[in-house]
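Trainee: The following block contains the structure, expressed as structure tokens.
The values are calculated or read from the model by the stated rules, or taken from the named source; none is laboratory data. Remember, predicted model here, so these are calculated numbers, not experimental data. Heads up, the Cβs are rebuilt from the backbone with ideal geometry, glycines too, and the neighbour counts pull from every protein chain shown.
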Amino acid sequence: MAAVARPDYVKFRREADGGLVYDHENYGYEDASMYEVSDTVIDVLEFVDDQPRSREAVEREFSPAIVETLISRGVLADVE
Amino acid sequence: MSSEPLSAPVTITWEVTLGCNLHCDHCLSGSGPGHQLPNELTTEQAHQFIAELDEMDVFQVNIGGGEPFVRPDMLELLEELTDRNISTCVSTNGTQLDEETLDRVEAMDPLFLQVSMDGLQAENDAIRGEGVYEQVVDALERLEDRDIGTTVNTVVTRQNVDDLPEIYELAEAHGAGLRLNRFRPSGRGEDTWDEFRLTEEQIRWLHGWIEDHPDVRTGDSFFYLNALGEVRNNTLKQCGAGSMTCLVDPAGDVFPCAFTQWDHLASGNVVEDGFQTAWDEIANLRNQIDDHEGCPAVAMGSSDPDGEDPQLRAILSGD
């Protein structure tokens, strides 16, 4: 069954207004990437949590388009 | 960013000690042999601080000093940080990296090393001490075979700017990246500001060289303009001191950044007040930080009569 997961190098946290996503995939000293994101992105990341989650379940909870967008931006990854 | 202050910094710099086996002429923290403070965080206090960093969801911790590895408990603290999956970056002078240390560092993830090299042999050793260059090259050779993300860090000065092409090649030959840091008037840099700071001509050459070497890392407001004063990287324009990042000194006092460690900008202590309280207070200090174009720390530290970053002004207006 297809599943999605948050890569180890992606971290996130909720803020008063939306949240932050931190990505150190191409990491160098102080060269990680950080994005301001909407509440929805944080909702998805909290839903997926630390373990792979069925892609179908995430799409049902949110939408296929949101899941696809987050995968294309590297916030989520397809896993077997 | 949102107008709301962040609940926690994205990244912090933690100077874990003012002790160092070297005594560099431009040291931003004024560190050196025997310079340890009597009230530097104990191992237990440091562990408690790390637990609070984790609780606050701080993404990244940059470890500096002094030389971090002169702290006997440094490896233990790095293990604590990485066990909590906090991205950890260690700035080291490269002289304390024996094989046993590297074995333990290699086992940690996510952890990255930044090794200082401030010129080729003549210029590096003039600033950092006789024989240091050879020790750093030796460390880079041994790091080359290790699975440890490594960058060579160069504080660019009037004396070493011409060495950059060869430093770049040397770093590349050892599988390391090159990162440039701006020389700032803090610590012993206040005393050597006029001696080491770049001339306007050198600034313009440097910005052109960086344009030609996009893989050279900068991450600094000084480098967000090109030689013609045009913005080359918008993401670097905003100074994050006190809004996205801060500095924790060896005694646990909190400041906006490593280059603004002045008493009137202190905002609490991680042991006495807790880091969350100190961070929450730092938003008030942000109003005291000069928000002129460029680096507020340089503007304040260089005592510029107009309260501006004079080197950025040179790029922007040719003054």
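Trainee: Out of all the residues in the stretch B:1-37, which are within 14 Å of chain A (Cβ to nearest Cβ) and assigned to a loop (DSSP other than H, G, I, E, B)? Give the derivation first.
Mentor: We begin by selecting, within the stretch B:1-37, every residue within 14 Å of chain A (Cβ to nearest Cβ); these are B:1-14.
Those that are within 14 Å of chain A (Cβ to nearest Cβ) and assigned to a loop (DSSP other than H, G, I, E, B): B:M1, B:S2, B:S3, B:E4, B:P5, B:L6, B:S7, B:A8, B:P9, B:V10.
Trainee: If you go through the stretch B:57-108 one residue at a time, how many are in contact with a Leu (Cβ under 6 Å, 6 or more places away or on another chain), more than 14 Å from chain A (Cβ to nearest Cβ) and crowded, with 21+ Cβ neighbours inside 10 Å?
Mentor: The total comes to 2.
Trainee: Another question, if that's okay. Among the residues of the stretch B:155-162, are any more than 24 Å from B:D212 (Cα to Cα) and in contact (Cβ under 8 Å) with a residue 60 or more places away in the chain?
Mentor: First pass over the stretch B:155-162, keeping only residues more than 24 Å from B:D212 (Cα to Cα): none.
No: the stretch B:155-162 contains no residue that is more than 24 Å from B:D212 (Cα to Cα) and in contact (Cβ under 8 Å) with a residue 60 or more places away in the chain.
Trainee: How many residues, within the stretch A:41-52, are outside any helix (DSSP H, G or I) and either exposed (fewer than 13 other Cβ atoms within 10 Å of the Cβ) or out of contact with any strand residue (DSSP E or B) (no Cβ under 6 Å at 6 or more places or on another chain) (or both)?
Mentor: So the answer is 3.
Trainee: Modelled with pLDDT of 95 or more and farther than 18 Å from B:L18 by Cα: does that describe B:D54? Don't jump to the end; show me each part of the working.
Mentor: Values: modelled with pLDDT of 95 or more: yes; farther than 18 Å from B:L18 by Cα: yes.
Answer is yes for this residue.
Trainee: Working only within the stretch B:109-142, note down all residues that are within 14 Å of chain A (Cβ to nearest Cβ) and more than 17 Å from the chain's Cα centre (by Cα). Let's see the steps before the verdict.
Mentor: To start, the set of residues in the stretch B:109-142 that are within 14 Å of chain A (Cβ to nearest Cβ) comprises B:109-117.
Across the stretch B:109-142, the qualifying residues are B:D109, B:P110.
Trainee: Would you point out the residue of the stretch A:19-30, among those that are facing another protein chain (nearest Cβ under 7 Å) and not in a strand (DSSP E or B), that is modelled with the lowest pLDDT?
Mentor: Residues of the stretch A:19-30 facing another protein chain (nearest Cβ under 7 Å): A:20, A:22, A:24, A:27-30.
Then keep just the ones that are not in a strand (DSSP E or B); that gives A:24, A:27-30.
Numbers: A:H24: 79, A:Y27: 51, A:G28: 48, A:Y29: 43, A:E30: 49.
By that ranking, first place goes to A:Y29.
Trainee: Can you tell which of A:S33, A:S38 is among the hydroxyl-bearing types (S, T, Y), within 10 Å of chain B (Cβ to nearest Cβ) and surrounded by fewer than 19 Cβ atoms within 10 Å (Cβ to Cβ)? Spell out how you get there, then give the answer.
Mentor: Values: A:S38 fails: within 10 Å of chain B (Cβ to nearest Cβ).
On inspection, the qualifying residue turns out to be A:S33.
Trainee: Which residues, counting only those in the stretch B:38-55, are crowded, with 18+ Cβ neighbours inside 10 Å and either within 12 Å of chain A (Cβ to nearest Cβ) or in contact with an Asp or Glu (Cβ under 8 Å, 6 or more places away or on another chain) (or both)?
Mentor: As a first pass, look at the stretch B:38-55 and keep what is crowded, with 18+ Cβ neighbours inside 10 Å: B:40-41, B:46, B:49-50, B:53.
Matches in the stretch B:38-55: B:A46, B:I50.
Trainee: Something else about it: Quick one: B:H207 ticks every box in (1) at pLDDT below 90; (2) touching a helix residue (DSSP H, G or I) at 6+ places or on another chain (Cβ under 9 Å); (3) closer than 27 Å to B:P9 by Cα; (4) buried (at least 17 other Cβ atoms within 10 Å of the Cβ) except a single one, so which number is it?
Mentor: It is condition (3) that B:H207 fails.
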